[in-house]
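In what follows, a single structure is set out as structure tokens and then discussed.
The values are calculated or read from the model by the stated rules, or taken from the named source; none is laboratory data. On a predicted model such as this, the values are computed, not experimentally measured, just so you know. Only protein heavy atoms, including side chains, enter the accessible area calculation; ligands, DNA and RNA are left aside. Shrake-Rupley method; radii C 1.70, N 1.55, O 1.52, S 1.80 Å.
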Amino acid sequence: MIIEVAKTILLVEDEAVTAAAQARSLEKNGFNVITAYNGEKAVECATGNSKIDLILMDIDLGAGMDGTQAAAIILIHRDIPLLFLSSHTEPEIVERTEKITSYGYVVKNTGETVLMASIKMAFKLHEANMKLRITGDNFSTVFHMNPVAMSISRISNCIVCDVNEAFSKLMGFQGDEVIGKNVMEDLSVWVDPGYKHLIVEEVERRGRVDSFERLFRMKDGTLRMLEISAELIMYDNEVSLLIIWHDFT
């Protein structure tokens, strides 16, 4: 029998009362919690404890190092999912976090459900990122030389980021005809666009979808029954969808 070990979260919060309340909420949802009350302590804990699985980082931490500074130092030493948790929504504050490789920005008091969903998504994205280093030469070689048709598109706007030669042979599109285009509006590859949204919802919920069969439109207008599998990945620091296409016509 496999025993699932509870994940450990480093909570970085300078307000003791707020930290205690947040820790109770996290523990109620099955997490172990370590609390750091300033940036310096956060760096010490994160770099010295390999059992920490995720960091919830406040931005304002009183005197000394702030949350963005602490996060930048930690991420030099560790590849770990990090979520900013702050009461600030001012653009200038949010912009301070954009240079940090984080997995989200959660506004305090938006509710336990939102926070837990953000934490779960951060774990999924980090796991996908660990499995598939999109920016690495190894992935690029495997992706473009793979005999199986593959494509990458952004979750946010359905823009195609990349396709391999096998995709071009299957669908009839050359790379420069699809990259930078909206797969829904510009290419009309999906015969029923509603299923694209279902796929995205399922991938966001589970992290992947396997063996989904549907009709798709080729460049010449013919329809083919294809089976696709999709997985959530990070591509150029954006949440994206890696799709593998099989022809079952």
Review point. What order do TYR195, TYR103 take when sorted by accessible area (1.4 Å probe), most exposed first?
Key: TYR195, TYR103
Revision key, fill the gap. Counting only residues 5 or more apart in sequence or on a different chain, those whose built amide H sits under 5 Å from that of LYS181 are VAL160
Point to revise | For the chain: relative contact order, % (alpha-carbon pairs under 8 angstrom, 6 or more apart) | key: 12
Revision key, fill the gap. Result for the chain: accessible area per residue, probe 1.4 angstrom, in square angstrom, of 53
**Study point:** Surface accessible to a 1.4 Å probe, THR18 within the full protein complex, Å²
**Key:** 50
Point to revise | For the stretch 179-191, Karplus couplings with θ = phi - 60° (6.51, -1.76, 1.60), whole Hz, Gly/Pro x | key: 5, x, 9, 7, 5, 8, 8, 7, 10, 6, 5, 7, 4
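List every DSSP H helix in the chain whose Cα atoms extend 15 Å or more along the helix's own long axis and whose mean Kyte-Doolittle hydropathy is at least 0.5.
Helices meeting the criterion: 67-77.
Could you tell me what percent of the DSSP beta bridges with both partners in the chain are antiparallel, to the nearest 5?
Details: 29 of 45 bridges.
For the chain, the DSSP antiparallel bridge percentage is about 65.
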Check your understanding: In straight Cα distance, which lysines are under 25 Å from LYS169, not counting same-chain residues fewer than 8 positions off?
Key -> LYS181, LYS196, LYS219
Check your understanding: Roughly how many Å² of ASP176 are accessible to a 1.4 Å probe, to the nearest 10?
Key -> 130
Exercise for review: Straight distance only, please: which lysines reach the Cα of LYS108 with their own Cα at less than 23 Å, same-chain residues fewer than 8 apart left out?
Suggested key: LYS7, LYS28, LYS41, LYS99, LYS120, LYS124
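How much length is gained if the chain between THR110 and GLU92 is pulled fully straight, taking 0.36 nm per residue apart and subtracting their Cα-Cα distance, in nm to one decimal? Kindly include the intermediate steps, with their values, before the conclusion.
Details: separation 18, 0.36 × 18 = 6.48 nm, distance 2.01 nm.
The THR110-GLU92 span can extend by a further 4.5 nm.
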